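The values are calculated or read from the model by the stated rules, or taken from the named source; none is laboratory data. These numbers come from a predicted model, not from an experiment. Ideal geometry is used to build each Cβ from the backbone, glycine not excepted, and the neighbour counts take in all protein chains shown. Please note that ligands, DNA and RNA were not included when accessible areas were found on the heavy atoms of the full protein model with its side chains. Shrake-Rupley method; radii C 1.70, N 1.55, O 1.52, S 1.80 Å.
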Amino acid sequence: MSLFAVQGISKRYGGVRALEAADLVVEAGRIHAVLGENGAGKSTLIKIMAGVVAPDEGRMLLDGGPVSFASPAAATAAGIVCIFQELSLIPDLPVADNICISNPPRRFGFIDRAAQRRLATEALARAGAEDIHPLARVSDLSLSRRQMVEIAKALARRPRILILDEATSALTAADVTRIYAVLKRLRAEGLALIYISHRMHEIAELADECTVFRNGRSVATYAAGSKTDNEVVELMIGREVSHAFPPKPPPSRATDAVPRLELRRLGWGDRLEDISLQLHAGEVIGLGGLDGQGQRELLLALFGVLRGTTGQVLIDGRPVRIGGPSDAKRPQVGMALIPEDRKTEGLMLPMSVGENLSFAALPQLSRFGVVDRTAEREAIDRIFKLLAVRSDGTAPAAGSLSGGNQQKLVIGKWLLTSPRIILLNDPTRGIDVGTKQELYQLLRRLADEGAAILFYSTDYAELIGCCDRVLVMYDGAIKRELVGDEITEHALVSSALNIAAATASTAAAAAPARS
């Protein structure tokens with residue numbers, strides 16, 4: 001008898017079919033991966049399992065008996081806990097308060113702070129995050145560390161079934177390694193784990209079984225490792241995959257012409273040091289290195305978000321001062337930033353798809369301070385069709401779209417400004433394989449049309465497949481430039497660890513002794 005089963009579950013939102021007769025069987029002591037494009041029904045399925053929404057049809061079985069959950073608290077009481085992709089933490093509270101917020105330990109009717117801190121410390125250790133202090137304020141933590149707190153919060157509830165929705169998408173490489181060990185230990189302890197990820201190497205590393213969803217239906221269940229990546233992707237998108245990345249232009253593409261963007265000794269406190277680079281029109285330059293080595297700060301500094309930067313920025317050979325995002329957006333600069341967190345930094349979720357798309361371009365769509373609604377509608381429709389946004393028109397709220405389609409909105413709103421320089425901060429985090437391929441094709445097309453693109457990614461495959469050059473950062477500085485065939489996973493990893501530089505330094509120091 002399986003621990004948990006979903007049988008014939010269906011769910012509709014108005015005229016939109018989110019799930020149609022979906023099935024899933026989960027065994028104790030196993031990791032079951034759920035795969036599918038954004039919008040395939042995965043999120044709706046786990047919301048039903050976690051008691052967030054109720055199904056229209058079908059049933060769920062726990063230990064062989066039928067169950068239904070009227071609320072997330074009811075699901076948690078039954079031992080089903082979900083770690084959603086979007087964090088549920090309260091930034092202004094300490095880590096310990098967040099971990100124990102639903103059921104804090106009490107003494108004489110008051111919260112027992114000592115016991116709460118002890119429970120939080122144990123949960124953090126169980127999640128492999130012993131380095132996070134339980135009294136640290138969540139708002140002071142990086143996105144990766146917040147994700148580790150979210151995982152600890154789930155483990156503190158002692159689940160029988162743990163659902164992870166893109167739980168590693170915001171993690172550093174070191175944290176991902178820790179989570180692998182944690183999940184394997186939980187499996188050995190007899191937990192059932194449902195693992196949703198778009199990273200195929202994670203599925204290969206962790207999963208025992210896999211179920212593929214497409215268009216709201218469960219289309220295949222198979223033993224992990226029994227199908228190739230291409231076969232899995234074909235199941236997910238319903239068509240054959242020819243290639244993941246578009247072909248790159250020849251290396252001569254970056255000419256000796258005046259660079260579209262040039263940095264000379266850019267610095268910011270102790271986070272950025274002596275950054276110099278040239279980016280030409282038509283180029284896609286990647287930013288590599290381990291997470292947290294200054295890549296995000298570099299993009300924010302270029303867009304005018306950071307105060308107190310030093311050095312010089314040149315656009316088309318002319319020095320410019322970018323004192324804020326409004327300066328970066330000026331036609332003379334023409335810069336756009338695709339931020340790291342689409343929900344909090346890129347979109348206004350309660351507002352409509354159309355309003356989000358046109359927001360950044362309103363100055364270009366206005367005359368004497370009045371928006372030309374006809375021009376706005378034409379521009380919105382053009383971008384909506386160009387990016388093939390999956391939505392019932394442009395009227396629904398942006399928050400109702402899947403993650404991949406929300407990311408399309410973030411990119412689309414900046415395309416309406418006709419940017420000359422595009423800065424991308426890990427733009428494919430948490431989106432499906434099919435949408436990723438669409439974005440790769442779009443980036444190359446934008447470069448072919450003359451845009452200059454600076455692209456930070458935590459995925460080495462993207463840097464190898466998309467970029468003409470890769471600048472590897474370490475400790476806030478550019479340590480190595482890789483060009484063409486030099487862009488390999490081995491070179492990216494060794495440069496990210498600063499191994500080549502350390503080896504050269506050691507050899508230089510040893511040379512006098514040998515002589």
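Below is a table of values for the structure above.
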{"quantity": "Qualifying residue in region 386-408 (condition: of a type outside the set (Lys, Arg), open to solvent by less than 10 Å² (accessible area, probe 1.4 Å) and more than 27 Å from LEU463 (Cβ to Cβ))", "calculated": "yes"}
{"quantity": "Qualifying positions in region 209-236 - at pLDDT below 90, open to solvent by 20 Å² or more (accessible area, probe 1.4 Å) and either touching a Pro at 6+ places or on another chain (Cβ under 6 Å) or of a type in the set (A, V, I, L, M) (or both)", "calculated": "LEU235"}
{"quantity": "Residue in region 359-382 that is closer than 19 Å to THR428 by Cα and open to solvent by less than 40 Å² (accessible area, probe 1.4 Å) present", "calculated": "no"}
{"quantity": "Subset of region 55-70 [surrounded by 12 or more Cβ atoms within 10 Å (Cβ to Cβ) and more than 12 Å from LEU19 (Cβ to Cβ)]", "calculated": "ARG59, MET60, LEU61, LEU62, ASP63, VAL67, SER68, PHE69"}
{"quantity": "Leading residue by the ranking (nearest to ALA192 (Cα to Cα)) among those in region 150-176 that are assigned to a helix (DSSP H, G or I) and under 17 Å from the mean Cα position of the chain (by Cα)", "calculated": "ILE151"}
{"quantity": "Odd one out for LEU492, checked against (1) open to solvent by less than 10 Å² (accessible area, probe 1.4 Å); (2) out of contact with any strand residue (DSSP E or B) (no Cβ under 8 Å at 6 or more places or on another chain)", "calculated": "(2)"}
{"quantity": "Among the residues listed as ALA75, ALA120, the single one being touching a Gly at 6+ places or on another chain (Cβ under 7 Å) and part of a helix (DSSP H, G or I)", "calculated": "ALA75"}
{"quantity": "Filter pass, GLY64 being touching a residue at least 12 places away in the same chain (Cβ under 8 Å), farther than 30 Å from LEU119 by Cβ and of a type outside the set (Lys, Arg)", "calculated": "yes"}
{"quantity": "Sole residue being at negative phi, open to solvent by 60 Å² or more (accessible area, probe 1.4 Å) and modelled with pLDDT under 95, chosen from ARG126, ARG113", "calculated": "ARG113"}
{"quantity": "Test set (1) within 20 Å of GLU37 (Cβ to Cβ); (2) in a helix (DSSP H, G or I) - ILE380 fails condition number", "calculated": "(1)"}
{"quantity": "In region 29-44, the residues that are open to solvent by less than 40 Å² (accessible area, probe 1.4 Å) and either more than 20 Å from SER391 (Cβ to Cβ) or polar (S, T, N, Q) (or both)", "calculated": "GLY29, ILE31, HIS32, ALA33, VAL34, LEU35, ASN38, THR44"}
{"quantity": "Identity of the residue in region 400-436, among the hydrophobic types (A, V, I, L, M, F, W, C) and in a strand (DSSP E or B), that ends up nearest to ARG17 (Cα to Cα)", "calculated": "LEU424"}
{"quantity": "Conditions (1) touching a helix residue (DSSP H, G or I) at 6+ places or on another chain (Cβ under 8 Å); (2) within 23 Å of THR458 (Cα to Cα); (3) crowded, with 20+ Cβ neighbours inside 10 Å; number of the one not met by GLU150", "calculated": "(1)"}
{"quantity": "One residue from GLY317, GLY288, GLY334, GLY292 being closer than 23 Å to GLY450 by Cβ, open to solvent by less than 50 Å² (accessible area, probe 1.4 Å) and touching a Ser or Thr at 6+ places or on another chain (Cβ under 9 Å)", "calculated": "GLY334"}
{"quantity": "Subset of region 201-226 [in contact with a helix residue (DSSP H, G or I) (Cβ under 9 Å, 6 or more places away or on another chain), in contact (Cβ under 8 Å) with a residue 40 or more places away in the chain and closer than 19 Å to LYS436 by Cβ]", "calculated": "ILE203, CYS210, VAL212, PHE213, ARG214"}
{"quantity": "Failed item, numbered, when THR310 is tested on (1) surrounded by fewer than 18 Cβ atoms within 10 Å (Cβ to Cβ); (2) farther than 24 Å from GLN332 by Cβ; (3) not hydrophobic (A, V, I, L, M, F, W, C)", "calculated": "(2)"}
{"quantity": "Residues being open to solvent by less than 30 Å² (accessible area, probe 1.4 Å) and outside any helix (DSSP H, G or I) - total across region 95-110", "calculated": "3"}
{"quantity": "Residues within region 131-149 that are in a helix (DSSP H, G or I) and charged (D, E, K, R), tallied", "calculated": "3"}
